[in-house]
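**Student:** One structure, pasted below without further comment.
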Amino acid sequence: MPLILTETRDAIGTIVMNHVQKRNALSDALIEEITLALDRFREDNIRAAVLRAPVGVKVWSAGHDVSELPDRGRDPLGWSDSLRVLVRAIQEFPAPVIALIEGGVWGGACEVAIACDVLVATPEATFAITPAKLGVPYNLGGVLTLMNMIPLPVLKEMLFTAQPIPTAQALNLGIINYIKPAEEIEAFVYDLAAHMVVNSPLSIAVMKEELRLLSGAHAITPDLFERMQGLRRVVYDSHDYQEGLDAFREKRKPRFDGR
Ligand code: LCV
């Protein structure tokens with residue numbers, strides 16, 4: 001059974017993440033279907049894409065599929081990890097991607113949502129960035145995506161508490177563009193998309209790429225990169241990282257002892 005539903009209408013492409021029984025956990029299989037759909041949208045000259053979950057869900061996405069995270073000793077979020085592939089696919093898609101958000105957005109799914117160009121959420125939606133709850137050392141590109149969108153004190157609070165923040169706070173901080181009630185959000189999002197698809201697709205594609213390149217334009221020396229990778233390795237080599245995975249899989253609270 002497909003894990004997503006897709007639709008194209010009036011140059012607007014829609015991807016519905018539809019693996020509800022697994023709360024749209026971002027598995028390799030789900031991500032592959034999303035990226036293939038984006039490839040098809042690109043071939044069909046889609047001028048705006050909408051990424052959503054089914055109407056009325058309680059969870060937009062539960063984030064990285066924890067069952068697919070490697071055991072300790074291997075970088076869990078390396079360049080070719082599916083979550084990284086999906087974030088890049090959204091950022092490099094040559095047209096606006098609008099996140100239509102109902103329900104909870106967890107972990108790496110927050111980065112996926114934030115990687116979208118415009119975010120519209122219902123009042124009940126929440127956003128939780130959870131590496132600390134699992135003992136995962138988030139990767140540098142992911143931290144940069146978050147840093148570019150979330151004020152540092154708030155990002156640190158979200159990372160250190162791993163607790164959800166409400167949509168109202170996300171709106172106040174400019175992390176999302178609009179809050180719309182569930183009964184209005186769909187019409188609002190497609191009206192917003194309709195205003196985009198009538199404009200120059202070339203101009204929009206170039207400006208989106210300029211913004212992507214400029215927001216990632218940070219001078220970082222090989223020495224600095226290796227130092228940060230070394231710090232991350234201490235974490236994904238640790239007992240705490242394994243404990244976070246084991247606790248999730250055993251459906252119990254983790255007991256981190258800092259080693
Ligand atoms: C695999 C899952 C998941 C899941 N993976 O439903 O950001 S980082 O660095 O942490 C990054 C590595 C990352 O994104 O890690 C994942 C972060 N995500 C989370 O911490 C959220 C984990 N999930 C939950 O807290 C709950 O599932 C929520 C609150 C999202 C929904 O709770 P609810 O009671 O509605 P269940 O927990 O019963 O989940 C339904 C099924 O989906 C699986 C879960 O194991 C269960 O499967 P079974 O029915 O086989 O037991 N599931 C949920 N999230 N991230 N599988």
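**Student:** Quick one: which residues, 5+ away or cross-chain, put their amide H under 5 Å from the amide H of A49? H built at 1.01 Å from N.
**Tutor:** Amide H to amide H, under 5 Å and 5 or more residues apart or across chains, A49 pairs with G13, V97, I98.
**Student:** Could you tell me the center-to-center distance, by alpha carbons, between the range 83-130 and the range 1-62 in angstrom?
**Tutor:** 12 Å
**Student:** How high is the relative contact order of the chain, in percent, counting Cα pairs under 8 Å that sit 6 or more residues apart?
**Tutor:** 19 percent
**Student:** Let me ask another. I'd like the antiparallel share, as a percent to the nearest 5, of DSSP beta bridges with both residues in the chain.
**Tutor:** The answer is about 30 percent antiparallel.
**Student:** As I understand it, the value is the acute angle between the Cα axis of helix 28-43 and the longest principal axis of the Cα atoms of the chain; what does it come to in degrees, rounded to 10?
**Tutor:** It is inclined by approximately 30 degrees.
**Student:** Round to the nearest 10 and give me the degree value, 0 to 90, for the angle of helix 182-197's Cα axis relative to the longest principal axis of the chain.
**Tutor:** Taking the Cα atoms of the chain, the angle to 182-197 is about 70 degrees.
**Student:** Determine, at each q value in 0.23, 0.26, 0.29 (inverse angstroms), the log₁₀ of I(q)/I(0) that the Debye formula gives when each Cα of the range 60-109 is one equal point scatterer.
**Tutor:** Once normalised to I(0) and log-transformed, intensities are -0.97, -1.09, -1.17.
**Student:** Below 13 angstrom from the Cβ of H239, what's the summed charge of the other residues (Lys, Arg +1; Asp, Glu -1)?
**Tutor:** -3
**Student:** Let me ask you something else. With only Lys, Arg, Asp and Glu charged, each at its Cβ (+1 for the first two, -1 for the last two), find how big the charge dipole of the chain is about the Cα centre; round to the nearest 20 debye.
**Tutor:** Values: 26 positive and 33 negative charges, 127 e Å.
It comes to approximately 600 debye.
**Student:** Per q in 0.09, 0.15 Å⁻¹, report the Debye log10 I(q)/I(0) for the range 4-195, using one uniform scatterer on each alpha carbon and no solvent.
**Tutor:** -0.29, -0.84
**Student:** Starting from the exponent 0.38 and prefactor 2.2 Å, build the expected Rg for the range 184-259 from its residue count and divide its actual Cα Rg by it.
**Tutor:** Normalised Cα radius of gyration, the range 184-259: 1.95.
**Student:** Taking the Cβ of Q163 as the center, what net charge do the other residues with Cβ under 11 Å away carry, scoring Lys and Arg +1 and Asp and Glu -1?
**Tutor:** 0
**Student:** For A162 and N148, calculate 0.36 nm times their separation in residues minus their Cα-Cα distance, and state this gained length in nm to one decimal.
**Tutor:** Stretched out fully, the A162 to N148 stretch lengthens by 3.2 nm.
**Student:** Output the 0 to 90 degree angle, nearest 10, between the alpha-carbon long axis of helix 152-161 and the longest principal axis computed from the alpha carbons of the chain.
**Tutor:** On a 0 to 90 degree scale, this one is about 60.
We did not get these values from a lab; they are worked out from the coordinates using the rules stated. Keep in mind that this is a model prediction, so the values were computed, not measured. No Cβ is skipped: glycine too gets one built from the backbone with ideal geometry, and neighbour counts run over all protein chains shown.
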